[in-house]
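The values are calculated or read from the model by the stated rules, or taken from the named source; none is laboratory data. Just so we're clear, the structure is a prediction, and the values are computed from it rather than from any experiment. Here the Cβ positions follow ideal geometry from the backbone for every residue, glycine too, while neighbour counts run over all protein chains shown. Quick note on the areas: whole protein, heavy atoms, side chains included, nothing else; ligands and nucleic acids left out. Shrake-Rupley method; radii C 1.70, N 1.55, O 1.52, S 1.80 Å.
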Amino acid sequence: MISEKKNLILRELEEGTGAAVSATEDFSGLRAGLRIWFSDFEVKHGPVAEMRAYGLRGHRVELTFGNFSGMVLDQIQRAQLEDIQLARALIKSIRPEVEVTIADQTLTDWTINSGAFRMTAKVRDQARPLEDSAIVATCRDVIVPMMAAMAELIGYDVIDDKPANEIAPYEGAILASTVKRRERNPRNRLLCIRLHGEKCIVCGVEPQHIYGEAGSIIEVHHLEPLATLTTPRPYDPETDLVPLCPNCHRAVHTRRPIPWGTDELRKMREELHG
Ligand SMILES: [Zn+2]
Ligand SMILES: [Zn+2]
């Protein structure tokens, strides 16, 4: 039964979303499942993901809101367009074989307007759906992006490293802090890794292959941040973020205010090392 895998599931979700997650067995349906929610909210006060077996070879995950989610829903109404785009991009990053549906809405422009919101994902193609590897795959493929999307919309642990009394003196500084916030946002990092993997796009190093367990050090770089000062274009989390190893990331930011381009850095490396 899926409910017996609770600890495995909690570990995967906490690692994947960076948020504290709680779960309880749920015997209300035909098959025992697991109800999963953010520990910071009570189960009735926020988004809840329910995971159950589906057919003989699959899992079904349904995300709904508890009966007393009013405050969380209000908070979601205040989400910025950028948070909404990131949430949508996270859901879009679920592999296409998984059937994701949102009641009465499309996957490209969904929003959460009421507690009736319902998102369902069906994973069908698992040979042994009750084995740990299949459970872990559904957590990583489906539940992590779903919960991360909700965390982004709710504004879970918003990163703001600007001291409260510091007022950005010029537009470049405002932009630089926006870039830093995007690069440090754990959900942007998650999306970037889901879309591009963990290989540095400049030097090709994949830290996990070198350091194993200690190798989760790939960083997220925001392309073209200050160059667009004169002609700003809308931020796109799918194309504007790339993975860089910590060395290359430090290297691109040695030029200020406009960092070296990743192509420029690659060329510098090639000139020295062929
Ligand atoms: Zn690198
Ligand atoms: Zn950067």
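Quick notes
- Any chance Phe27 is loosely packed, with under 13 Cβ neighbours inside 10 Å and aromatic (Phe, Trp, Tyr): yes
- Of the residues making up the range 8-24, those that are open to solvent by 20 Å² or more (accessible area, probe 1.4 Å) and not in a loop (DSSP other than H, G, I, E, B) are Leu8, Leu10, Arg11, Glu12, Glu14, Glu15, Gly16, Ser22, Thr24.
- Among the residues listed as Lys5, Lys44, the single one being without any contact (Cβ under 8 Å) to a residue 40 or more places away in the chain and either more than 20 Å from the chain's Cα centre (by Cα) or open to solvent by 10 Å² or more (accessible area, probe 1.4 Å) (or both): Lys44
- Gly33, sole failed condition from (1) more than 25 Å from Arg194 (Cα to Cα); (2) at pLDDT below 95; (3) open to solvent by 70 Å² or more (accessible area, probe 1.4 Å): (3)
- Extreme residue, least open to solvent (accessible area, probe 1.4 Å), among residues of the range 191-201 that are in a helix (DSSP H, G or I) and in contact with a Ser or Thr (Cβ under 8 Å, 6 or more places away or on another chain): Leu191
- Condition broken by Trp110, with the remaining ones in (1) touching a residue at least 40 places away in the same chain (Cβ under 8 Å); (2) under 20 Å from Val142 (Cβ atoms) satisfied: (1)
- Any pair with Cβ under 6 angstrom, 6 or more apart, that starts in the range 205-233 at a residue that is modelled with pLDDT of 95 or more and ends at one that is open to solvent by 50 Å² or more (accessible area, probe 1.4 Å) and not in a strand (DSSP E or B): Glu206/Lys199; Pro207/Ile217; Val220/Arg189
- Selection status of Val21, without any contact (Cβ under 8 Å) to a residue 40 or more places away in the chain and either closer than 14 Å to Met150 by Cα or outside the structural domain of Met119 (by TED's automatic domain parsing) (or both): no
- Count - residues of the range 236-267 that are of a type in the set (Val, Ile, Thr) and buried (at least 17 other Cβ atoms within 10 Å of the Cβ): 3
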